[in-house]
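Read the figures in this text as sums done on the coordinates, not as results from a lab. Since we're looking at a predicted model, the values are computed, not measured. Cβ coordinates were reconstructed from backbone atoms using ideal geometry, including for glycine residues, and neighbour counts include every protein chain displayed.
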């Protein structure tokens, strides 16, 4: 299958662009990454139920996702650096106030405000790479490398601070990381997005159907990924492991996950997107079946670690596909919203599936949703390939 792909010989992106985009990505996605500790800290520090603590996080996730998708059409017409500056200021203000909040009501409001700033930064990180980078897929791979490396330290420190200071500890860590990374946002180019250059991707960008299909695929894939991740601890009971063993497994998985991110960065689109995307969809389905149906401690640990590797490998290709649709970065920014909505929906879908028919039902639902996401992606790739063939000049041999 022929696909549109960026020329591997294109020049390297400026380090300032890559570093600034990574800083925006980390600040924008830090709370979803640390959400297990935030929920646990809220429950212990404010004596909240699982439902109330989950609702606070849901409000922040919803604000994050809605902001990302609402700001996406506007980003190409404004200064990325100014948007990032306003967003990080709002985020820091809300995060600082959250540390000292003593009621669930005020904390819900403050986390919602923080989500607005985080959503804007998340959208900026994806949009600026799409519109200003010569190779968005590779930079999105760098994002996953940083997440894989940073999560090892963040999980270790976050666990200690949450145990010692409950919600104030983990919120202070999030605010501290945000403050430390904020100066790097000045490296983001103070310019609007570049206009399209007449490539095949730009020719079909007027069709919203491909964008909707891409966003739906990202949302569906993240739903099943988050479903398995959220219930990784309960799944350990099927394998006869304790919580400590799961903690060690997740720590190892975060470190080994670097292999997935590195592979995506190195492979890039050398084999196109259809082959890698098909590979990780099949791999994730097999891992899901192993986690839910194979009650063996060794198999559980191996499957959990491989699932994280697959996750870090898969995300650059999904964001790269969104970037291929529109070089101004609008669909790439909206992809962040689909990612976050899927991340938030995962635990709800998993809980409903398990309540209906146990973990076998969870496996069946995850495999079915993954297949649906794969079908949508293949449809988008086929349309992009067709547009690329039409745009290519036909050589006539005399």
What do you get for the angle between helix 208-230 and the principal long axis of the chain? Use alpha-carbon atoms, 0 to 90 degrees, nearest ten. 30
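What relative contact order, as a whole-number percentage, does the chain give when Cα pairs under 8 Å and 6 or more residues apart are counted?
On the way: 664 pairs, mean separation 111.8, N = 398.
28 percent.
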Can you give me the pair-distance distribution of the stretch 15-185, C-alpha pairs, 10 Å bins, whole percents? 11, 41, 34, 13, 2
Using Cα atoms only, what is the angle between the long axis of helix 104-132 and the major principal axis of the chain, expressed in degrees (0 to 90) to the nearest 10? 20
Counting pairs of alpha carbon atoms under 8 Å apart in space and at least six apart in sequence, what relative contact order in percent does the stretch 53-122 give? 55
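Between residue 16 and residue 348, how high is the FRET efficiency from 1/(1 + (r/R0)^6) when r is the Cβ-Cβ distance and R₀ = 30 Å? Nearest 0.05. All intermediate terms of the calculation are to be shown ahead of the outcome.
Working: r = 40 Å, r/R0 = 1.33.
So the FRET efficiency works out to roughly 0.15.
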Gaussian network model of the chain, springs between alpha carbon atoms under 10 Å - residue of 58, 100, 284 with greatest fluctuation: 100
Given the peptides 65-75, 172-182, 305-315, arrange them by the average over their residues of other C-beta atoms within 10 Å, most packed first. 305-315, 65-75, 172-182
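Rounded to the nearest 500 deg cm²/dmol, what is the calculated helix-only ellipticity per residue at 222 nm for the chain, with -39500 (n - 2.57) per DSSP H run of length n ≥ 4? Walk me through the numbers on the way to the answer.
Numbers: 13 runs with 318 residues, N = 398.
Taking each H run of at least 4 residues, the total per residue is -28000 deg cm²/dmol.
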With a point put 7 Å past each Cα toward its Cβ, work out how far residue 298 is from residue 368 in nm, to one decimal. 3.4
Between 299, 261, 21, find the one with the highest GNM mean-square fluctuation for the chain; connect C-alpha pairs within less than 10 Å. 299
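Which peptide among 353-363, 109-119 comes first, and what is the full order, when sorted by highest mean count of other Cβ atoms within 10 Å?
On the way: 353-363: 16.2, 109-119: 24.5.
Order by mean packing, descending: 109-119, 353-363.
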In nm, give the distance between the simple-model label positions of residue 149 and residue 102, each being 7 Å from the Cα along the Cα-to-Cβ direction. 4.2
Report, to the nearest 10°, how far helix 136-181 tilts away from the longest principal axis of the Cα atoms in the chain, using its own Cα long axis and a range of 0 to 90°. 20
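How big, in percent, is the set of alpha carbon pairs in the stretch 307-366 lying more than 13 Å apart?
Working: 1218 of 1770 pairs.
So the portion of pairs separated by more than 13 Å is 69 percent.
Percentage of Cα-Cα pair distances in the chain greater than 38 Å, rounded to whole percent?
Values: 12987 of 79003 pairs.
Of all Cα-Cα pairs in the chain, 16 percent lie more than 38 Å apart.
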Taking 0.36 nm per residue of separation between residue 49 and residue 179 and subtracting their Cα-Cα distance, the length gained on full extension comes to 43.8 nm
Inter-part gap, Cα centre of the stretch 284-322 to Cα centre of the stretch 130-158, in whole angstrom, is 18
Additional length obtainable on full extension of the chain from residue 78 to residue 361, 0.36 nm per residue less Cα span: 97.2 nm
If each residue of separation counts as 0.36 nm, what is the full-extension length gain between residue 134 and residue 259 once their alpha-carbon separation is subtracted? 42.6 nm
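Hey, what did the stretch 15-185 get for relative contact order, percent, Cα under 8 Å, at least 6 apart? Walk me through the numbers on the way to the answer.
Numbers: 219 pairs, mean separation 69.9, N = 171.
After rounding, I find 41 percent.
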Roughly how many nanometres apart are two label points built 7 Å out from the Cα toward the Cβ at residue 190 and residue 386? 4.6
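In what sequence, highest mean first, do 26-33, 289-296, 337-344, 377-384 appear when ranked by Cβ atoms within 10 angstrom?
Put in order of decreasing packing, that is 337-344, 26-33, 377-384, 289-296.
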